[in-house]
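The values are calculated or read from the model by the stated rules, or taken from the named source; none is laboratory data. Computed from a predicted model, the values in this text were never measured in an experiment. Cβ: placed from backbone, ideal geometry, glycine included. Neighbour counts: every protein chain shown. Calculation scope for accessible area: heavy atoms of the full protein, side chains included, ligands and nucleic acids excluded. Shrake-Rupley method; radii C 1.70, N 1.55, O 1.52, S 1.80 Å.
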Amino acid sequence: MTNSADTTPATAEPLLTRALDTLGKEIVSGAMAAGHVFTLHDLSSRFNISRTVSREVMRALEQMRLVTSSRRVGIKVLPATEWDVFDQAVIRWRWENDSERQLKELRELRYSVEPVAAVIAARCANDSEIQQLISLAETMVDLAQKGESEDFLSADMKFHTLILEASRNDMFRALAHSILHALEGRTVYGKRDSIPSAEAVEAHLALAEAIAAHDPQGAERASRVVMGDVALCDC
């Protein structure tokens, strides 16, 4: 058996990824409950990794706020209220553990952010962004009619990312990757077809045209129609 202390840089990355993925899934699923304490030695022994790699795993978990560490206590699992729920790995682990809840929360995030971003985009989008939005919306209408779901999803993600970027709000723009998981969920997680209702598809073009006309109210209305099949659910 290879000694963990002899781990070379070439193998450290996959070992780190495997350990991090395993621990992340266990914490998010509750298999490793809040308050559970472990040590770097525990990580080294369990995953047959060096102390250096164990420390990198610990730091990654700390950055996601899944754990906290101290010399006296060790590495302690934090409750879900402390997690960085916008971290892409945390989103993936939560989705794999409870896709219905994760999709619900991402839908609610979209519903809260995108209409406001559309209002601002109608005031701030430049000519290049407007032309891109119209082109993407027209492409989406065509792809929906042809039933080309994968290409539709790609265009749809570009469209919504562009609206968030056109809002000139860095915080909205930073949410793009998280919000787009809700779109990907249609096909990646088998929840729905990637092509929404005909009304929602046409509303993308209405949204682009409202932004082009610098019509904030029209952009907000069209944005909510776009998300008409993203109706908010009860608690």
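General remarks:
- Verdict on Ala222 being at pLDDT 95 or above, assigned by the TED database to the domain that holds Gln131 and in contact with a Leu (Cβ under 7 Å, 6 or more places away or on another chain): yes
Table: residues versus (1) among the β-branched types (Val, Ile, Thr); (2) open to solvent by 10 Å² or more (accessible area, probe 1.4 Å); (3) in contact (Cβ under 8 Å) with a residue 24 or more places away in the chain.
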{"position": "Arg101", "(1), (2), (3)": "no, yes, no"}
{"position": "Arg107", "(1), (2), (3)": "no, yes, yes"}
{"position": "Ser112", "(1), (2), (3)": "no, yes, no"}
{"position": "Cys124", "(1), (2), (3)": "no, yes, yes"}
{"position": "Gln145", "(1), (2), (3)": "no, yes, no"}
{"position": "Asp151", "(1), (2), (3)": "no, yes, no"}
{"position": "Phe159", "(1), (2), (3)": "no, no, yes"}
{"position": "Ser167", "(1), (2), (3)": "no, no, yes"}
{"position": "Ser178", "(1), (2), (3)": "no, no, yes"}
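- Per the listing Ile163, Ile211, the residue uniquely closer than 21 Å to Ile91 by Cβ, modelled with pLDDT of 95 or more and not in a loop (DSSP other than H, G, I, E, B) is Ile163.
- Among the conditions (1) in contact with a Lys or Arg (Cβ under 9 Å, 6 or more places away or on another chain); (2) surrounded by 17 or more Cβ atoms within 10 Å (Cβ to Cβ), the only one that Ile75 does not satisfy is (1).
- Selection count where residues are open to solvent by 30 Å² or more (accessible area, probe 1.4 Å) and hydrophobic (A, V, I, L, M, F, W, C), scope the stretch 84-99: 2
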